[in-house]
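The values are calculated or read from the model by the stated rules, or taken from the named source; none is laboratory data. Keep in mind that what you see is a predicted model, and the values were worked out from it rather than measured. With ideal geometry, Cβ positions are generated from the backbone for all residues, glycine too; neighbour counts draw on all protein chains shown.
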Amino acid sequence: MDGKVFIFWNWSVAVYLFIAGVSAGAFLVSTLAYFLGVEKYERIIRIGAYITPFPLLLGLLCLIYDLERPHLFWKLLVKFQPSSVMSLGSWLLVLFSLLSFLHFYLWLPVRFELLKTILYLYSRFPKVKLFQILQSAPFVTRLSRENLIRIRGWVAFWGILLSAAVGIYTGILLGAVVARPFWNSPVLPLLFLLSAIKTGTASILLAGFFLKGFQGMKREEIEDSRLLLQSIDLILMVFSIIAVFLFIFGMYASTKSSAEAVKLIMGGEFTLIFWGLVVGMGLVFPLVVGVQELAPHFVKTRELREHSPWMTGVVTASVLLGAFMLRYVVVYAGQMAQVIWS
């Protein structure tokens, strides 16, 4: 492609897009598990709730860091502009962050309940006036677990909608830049959403099995959780591979600029990374392992194979690496692709 190439968005934007997807995916899987059965999938709900808020915070810091004047980021929140993708996204992320922390709090063990914490602090420091006021304040009493447990369903409902919106938004944010043909595919938001949910299931599996998050559960409960997460992952792998080919064929069938842009991953400098890491390690390898794990169970109604934490670690690391490299390739290839005017 002719002309000088300027790279304005670096690795920090790729990191933001990736870990925002992890948060959105973990939240969506956690809330989906809530509606599929609280008692049966409680551990999945809890692990997803514990994961959700913190990758997003790190991602927002990366995004703020990449701004030309990061100390002025708050101005995006002062005035709501419905016509601005950046303004809509900023408010969406604020709402998602608040809801994710509420979801996190609702699934904490009872000993971490706010009212119990305040009472404990008051017992240790009775002369501190703030604790004296808070321990009897009506609004603190309303934050007791008995009162808040009633809104878990509503938080889960809105969580599904907001987490899906955040997963899609990371693709729309790039597509809004008109002069970047690699980003202007309508399939890109769908590809990012599928990838976000995959990273959500992978992070929950990693925390659940490899980091002993399912420790203490009965074998039947572990297998139920494992079956749900791996089934979701397998379906997402299939749809993600379809989305990749739709993205490529759509670019070839679109404008001349798009057809030239897609060559960056079809024989160009990002070909090996895209097909080796994004598709090979991030999609095909987990799909093959998933089929080997689940096919005997669904086709021949056999029990799942004995779980191997190390295999879970390898597969989830492969999924997460592929998802990050997808963002990396899209961010850098998108800035290298140029509009062809003739």
Item to check | Close pairs from region 269-298: first within 18 Å of Leu227 (Cβ to Cβ) and crowded, with 17+ Cβ neighbours inside 10 Å, partner charged (D, E, K, R) and at pLDDT below 95, Cβ under 8 Å, at least 6 apart | outcome: Pro286/Asp233; Gly290/Asp233; Glu293/Arg305
Checklist entry - Is it the case that some residue within region 311-318 is more than 30 Å from Leu227 (Cα to Cα) and either modelled with pLDDT of 90 or more or touching an Asp or Glu at 6+ places or on another chain (Cβ under 6 Å) (or both)? => result no
Item to check | For Trp74: the one exception among (1) modelled with pLDDT of 65 or more; (2) exposed (fewer than 15 other Cβ atoms within 10 Å of the Cβ); (3) within 30 Å of Asn10 (Cα to Cα) | outcome: (1)
Next on the checklist: If the requirement is being aromatic (Phe, Trp, Tyr), surrounded by 13 or more Cβ atoms within 10 Å (Cβ to Cβ), modelled with pLDDT under 70 and in a helix (DSSP H, G or I), which of these qualifies: Phe139, Phe131?
Outcome noted: Phe131
Checklist entry - Between a first residue in region 232-260 that is free of Cβ contacts under 8 Å to residues at least 60 places away in the same chain and a second residue that is of a type in the set (D, E, K, R) and part of a helix (DSSP H, G or I), which pairs have beta carbons less than 6 Å apart while being 6 or more apart in sequence or on different chains? => result Leu236/Lys198
Item to check | Subset of region 239-268 [surrounded by 17 or more Cβ atoms within 10 Å (Cβ to Cβ) and of a type in the set (A, V, I, L, M)] | outcome: Ala243, Val244, Met251, Ala261, Val262, Leu264, Ile265
Checklist entry - Which residue, of Ser90, Ser84, Ser23, is at pLDDT below 90, among the hydroxyl-bearing types (Ser, Thr, Tyr) and under 20 Å from the mean Cα position of the chain (by Cα)? => result Ser90
